[in-house]
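Report on the following structure.
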Amino acid sequence: MALVAVFGASGRQGLAQVRQLKASGHDVRAVSRRPDPFYGEDFGEVEVRPADIYDEDSVAEVLEGVDAAFFTQPLRAKNTAAEAVALIGRAAVRAKVGRVVWNTSSWIPDRAGDAFSYAGNTVGINALWRTGAPATVFGSVLFMDNLLTNWAFPAIVAEGRYRYPHRVGLEASWISLDDVAKFMIAAIDRPDLEGAWLNIGGPEALTPPRLVATLSKVIGKPLVYDPMTPAEFGKMLCDAFGDEITPQERAVMEPFIKDFYTYNNETPLTPFKVDMGPVVERIPIEMETFETWAKRQDWTPSNRPRPPAG
């Protein structure tokens, strides 16, 4: 079994990675500045170490002695994905880490055409390869767990509305964060996956009406799809951060979210849809459907804190 450093261990994606690593029998070094990064979830014995992800020496130090490192770029990072993952790669080389696994949290362009902000993933992959770090990259396209955040969950359980800026006919391969973690774990000791990048999504492509119908069935009450404009969604997402987000951050994030979802609704490419047949043939993981994932969740209305996004 491996010792794996998980950056951003206190975030939603990091928590899923820690959960699945421990379930698979691996040891975990959770990289977080929070003394208790798991919000009460009991993973058993986990080493928690702080690090400054913007300082290469600090990162190299926290990577000493680990077999692999999992990296997910923070949503509100101060640097670009390419800058961040290149720093991780250089530090991993210094610490002689056996495998770096980067989860881009979005689609990696796999065909010609205007890729909008997704092109940054290609730049990041090239930057990572150039460090010489033995690495694998997964482009996870859209997370089921987004429905548990405070911009989605309250409207679903209290108002019977699912609000999102996808056009009605847009198909998306929703994937659970636990399944993303399983793919990352599979790459730790696979020599054939060194130097590889793959887009990953869930086992089915759902339009918003199909997703709502499935969720209505699970929750046991009727829900409606209430489509938002990309501009409305950008404002709502920024509102979800409350006082955490500065006016300067909002001035950048809100128009970006608007442009991002406008692009995804209009592009002839399919950034939210993945043919998982070849991927699962190469990495045989049994993924959960949206219905299976939804049945695992607690859809009872509550006032407990929920993540704003990410």
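The values are calculated or read from the model by the stated rules, or taken from the named source; none is laboratory data. Keep in mind it's a predicted model, so treat the numbers as computed, not measured. For neighbour counting, all protein chains shown are included, and Cβ atoms are generated from backbone atoms with ideal geometry for every residue, glycine included. Accessible surface areas use protein heavy atoms only, side chains included; no ligands, DNA or RNA. Shrake-Rupley method; radii C 1.70, N 1.55, O 1.52, S 1.80 Å.
Structure above, values below:
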read-out: Two-site FRET efficiency, GLU47 against VAL168, from Cβ-Cβ distance with R₀ of 51 Å, rounded to 0.05; value: 0.60
read-out: Rounded to the nearest 10 Å², the accessible area of ASP52 at probe 1.4 Å; value: 50
read-out: Listed residues GLY160, ALA119, SER176: farthest to the positive end of the dipole of the range 69-193 (Cβ charges); value: ALA119
read-out: Listed residues ILE257, ILE245, ILE188, most fluctuating in the chain (Gaussian network, C-alpha, under 10 Å); value: ILE245
read-out: Simple spin-label estimate for ASN126 and THR207 in nanometres, 7 Å along Cα-Cβ; value: 3.8
read-out: For the range 1-116: accessible area per residue (Å², 1.4 Å); value: 44
read-out: Cα-centred dipole magnitude for the chain, charges only on beta-carbon of K, R (+1) and D, E (-1), debye, nearest 20; value: 380
read-out: The range 183-258 - percent relative contact order, Cα under 8 Å, separation 6 or more; value: 23
read-out: ASP226-GLU249 pseudo-label distance in nm [points 7 Å out on the Cα-to-Cβ vector]; value: 2.6
read-out: For the range 64-72, Karplus couplings with θ = phi - 60° (6.51, -1.76, 1.60), whole Hz, Gly/Pro x; value: 4, x, 8, 8, 8, 9, 9, 10, 10
read-out: Pairwise Lys count, the chain - Cα closer than 15 Å, eight or more residues apart or different chains; value: 4
read-out: With all protein chains modelled, accessible area of LYS217 [1.4 Å, Å²]; value: 140
read-out: Modelled FRET efficiency - R0 35 Å, LYS96 with PHE256, Cβ distances, 0.05 increments; value: 0.40
read-out: Over the chain: helical MRE at 222 nm, DSSP H runs n ≥ 4 each giving -39500 (n - 2.57), nearest 500; value: -11000 deg cm²/dmol
read-out: Reported label for calculated semi-axes √(5λ) of the Cα gyration tensor in Å given (i) 30, 21, 20; (ii) 61, 20, 14; (iii) 29, 24, 16; value: (i)
read-out: Protein accessible area in the chain, 1.4 Å probe - carbon and sulfur %; value: 52
read-out: The range 161-310, relative contact order in percent, only Cα pairs under 8 angstrom and at least six apart counted; value: 37
read-out: Inter-probe distance in nm under a simple model that places probes 7 Å from Cα toward Cβ, at THR267 and LYS78; value: 2.9
read-out: Net dipole in debye of the range 99-178 [+1 Lys, Arg Cβ; -1 Asp, Glu Cβ; about Cα centre; nearest 20]; value: 140
read-out: Unit charges on C-beta of K, R, D, E only; dipole of the range 164-293, Debye; value: 380
read-out: Share of pairwise Cα separations in the range 209-310, more than 24 Å, in percent; value: 47
read-out: Per residue solvent-accessible surface (Å²) - the range 146-304, probe of 1.4 Å; value: 47
read-out: Heavy-atom accessible area order for LEU269, LEU128, largest first, 1.4 Å probe; value: LEU269, LEU128
